[in-house]
Amino acid sequence: MNHRICIALIILAAFCGIAAAATDTASDPASQISVTGVTKSPETLMPGDQGFITVQITNSGEESASIDRAKLYTNDLTVVNDNAYEVVGDIGGGNSMEFTFLVLAGPGEGICYPSFYLDFSSAGSLRSSIPVIVDDTGPQVSLLGVPDTFTGGKTEEITVLVGNPREGELSAITITPVTDGIKSDQTSFFVGNLEQDESAEVLFEITPEEEGDLTFVVDYRSGINEHSTTISIPMTFGTDKTGADLVVNEVAVSASGATSTVSGDVTNAGLEEAYSVMVTVGSPATPTNPNPVAVIGALEPDDFSGFEVTYTMQGTGQVPLLVTYKDEDGNIYEEEFYVSGTAAGTATEGGDRSTDAKNSAGMLGGRGSVGSMGSGFAQIPFIPIILGILIIAGGLIAWRTGHLARARDAVRARLHKEK
């Protein structure tokens with residue numbers, strides 16, 4: 001019986017010891033400390049970037065707790081200020097405290113899990129893992145409104161579109177055209193900040209002066225790190241498919257006295273309006289009064305206007321017909337067509353239509369000059385047709401009124417008398 005009482009007393013003492021230990025642990029102020037917030041700047045690192053990881057702890061108890069040190073352990077990142085919190089001290093009840101670590105990402109991409117440790121003076125520690133993403137994705141940059149070909153001296157509107165596909169904000173975004181041989185209405189444009197999945201469009205007016213690559217540099221920051229990306233497209237000169245395109249039709253050359261005259265019409269076969277259209281002649285012909293230059297003015301697409309230019313020239317030969325015009329930006333263009341020239345005392349019609357393919361297309365066919373109906377209609381023999389119509393009409397009238405029968409009887413009587 002005494003033996004059983006002793007065993008019971010030993011078991012009871014053991015339970016009392018366990019309860020006492022639990023009570024002591026629950027009453028430890030350090031047990032009331034927890035991680036209540038983690039912030040990362042930038043949210044996502046690029047390879048080689050530096051970033052800040054800030055851990056907030058809070059003492060939810062009423063008593064102060066003593067902290068020996070705070071550490072961030074990781075095999076994938078470099079902790080630059082590894083020894084910043086070797087000595088911490090007390091944190092009062094209901095208070096919070098922050099620990100900021102500067103980390104450096106390696107050259108690779110992926111997800112890292114550095115561990116935050118808090119060592120207490122009493123006993124034990126607090127541990128929390130923090131996921132950190134390392135991603136090499138940069139802002140997405142594209143160009144809008146790029147023509148198939150560029151024209152030297154002609155201004156084009158190019159839109160630069162910048163989007164942020166990264167987790168976290170990109171800041172201090174600046175777009176700069178860096179191409180030699182162009183003029184731009186802006187040397188650079190400051191976009192500012194873009195949150196995740198946001199985008200911005202910036203319009204540049206570009207005037208190329210020589211061929212090359214059209215290049216834009218986009219500078220930006222991710223946290224404290226400066227980065228840049230470049231977008232480039234070839235800038236090749238060629239025929240503007242959407243611009244004005246002037247052709248010459250219905251050309252006629254004649255001579256009178258000491259001067260010769262070339263006339264016809266100019267048609268805008270392009271898709272844009274031509275401004276300040278003028279027509280004159282080049283060497284070996286010399287423009288002269290009364291019409292050395294034909295000023296037409298503006299020609300809308302599919303519009304046309306007649307012209308007449310007087311000139312002098314020794315002998316005969318090819319005469320350059322020069323058509324100049326401007327686009328809406330004030331750039332000057334010149335089209336050259338050739339006609340057969342003539343000296344005083346001679347005359348030709350239609351000009352020389354055997355030049356290059358473009359000039360031949362411009363010289364043949366067409367609407368005709370202002371006030372005419374075109375080349376095919378002009379070649380119809382109007383006078384013989386009208387005379388024929390009048391003769392037929394007169395014959396019908398004479399037949400209906402009996403004059404034709406009386407004339408026939410008179411002719412027969414005269415012939416009978418002669419016999």
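The values are calculated or read from the model by the stated rules, or taken from the named source; none is laboratory data. Small disclaimer: the values here were computed from a predicted structure and weren't measured. Please note: Cβ atoms are built from the backbone with ideal geometry, for glycine as well, and neighbour counts cover all protein chains shown.
Structure above, values below:
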quantity	calculated
Matching residues, segment 123-138, being in contact with a Ser or Thr (Cβ under 7 Å, 6 or more places away or on another chain) and either at pLDDT below 95 or of a type outside the set (S, T, N, Q) (or both)	ARG127, ILE133, ASP135, GLY138
Residue within segment 151-163 that is assigned to a strand (DSSP E or B), more than 30 Å from TYR325 (Cα to Cα) and in contact with a Pro (Cβ under 8 Å, 6 or more places away or on another chain) present	yes
Given (1) buried (at least 16 other Cβ atoms within 10 Å of the Cβ); (2) among the acidic types (Asp, Glu); (3) over 27 Å from PHE150 (Cα atoms), number of the condition GLU226 does not satisfy	(1)
Criterion (farther than 16 Å from LEU246 by Cα, modelled with pLDDT of 90 or more and part of a strand (DSSP E or B)) met by exactly one of THR310, THR324	THR310
Which numbered condition GLY163 fails, given (1) out of contact with any helix residue (DSSP H, G or I) (no Cβ under 7 Å at 6 or more places or on another chain); (2) outside the structural domain of VAL217 (by TED's automatic domain parsing)	(2)
Top-ranked residue in segment 73-122 [being part of a strand (DSSP E or B) and of a type in the set (D, E, K, R); ranked as nearest to ASP49 (Cα to Cα)]	GLU98
The listed residue being crowded, with 24+ Cβ neighbours inside 10 Å, modelled with pLDDT of 95 or more and outside the structural domain of THR151 (by TED's automatic domain parsing), out of VAL251, VAL262, VAL279	VAL279
Residue that is among the acidic types (Asp, Glu), at pLDDT 95 or above and either surrounded by 13 or more Cβ atoms within 10 Å (Cβ to Cβ) or assigned by TED's automatic domain parsing to the domain that holds LYS40 (or both), where the choices are GLU156, GLU169	GLU169
Segment 31-72: number of residues that are assigned to a loop (DSSP other than H, G, I, E, B) and under 28 Å from ASP136 (Cβ atoms)	7
Any hit, segment 280-294, residues being in a strand (DSSP E or B), closer than 24 Å to GLU157 by Cα and free of Cβ contacts under 8 Å to residues at least 40 places away in the same chain	no
Hey, THR137 touching a Leu at 6+ places or on another chain (Cβ under 6 Å) and of a type in the set (Ser, Thr, Tyr) or not	no
Contacts under 9 angstrom Cβ, first residue in segment 52-75 being free of Cβ contacts under 8 Å to residues at least 24 places away in the same chain, partner assigned to a loop (DSSP other than H, G, I, E, B), 6 or more apart	ASN75/PRO114
Selection status of GLY223, under 20 Å from the mean Cα position of the chain (by Cα) and on the phi > 0 side of the Ramachandran plot	no
Conditions (1) at pLDDT 95 or above; (2) of a type in the set (S, T, N, Q); (3) within 30 Å of GLU300 (Cα to Cα): number failed by THR207	(1)
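Residue by residue, here is whether (1) part of a strand (DSSP E or B); (2) over 18 Å from the mean Cα position of the chain (by Cα) holds:
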position: ASP197; (1), (2): no, yes
position: GLU205; (1), (2): yes, no
position: THR229; (1), (2): yes, no
position: PRO234; (1), (2): yes, no
position: ALA244; (1), (2): no, yes
position: VAL247; (1), (2): yes, yes
position: GLU250; (1), (2): yes, yes
position: ALA255; (1), (2): yes, yes
position: SER260; (1), (2): yes, yes
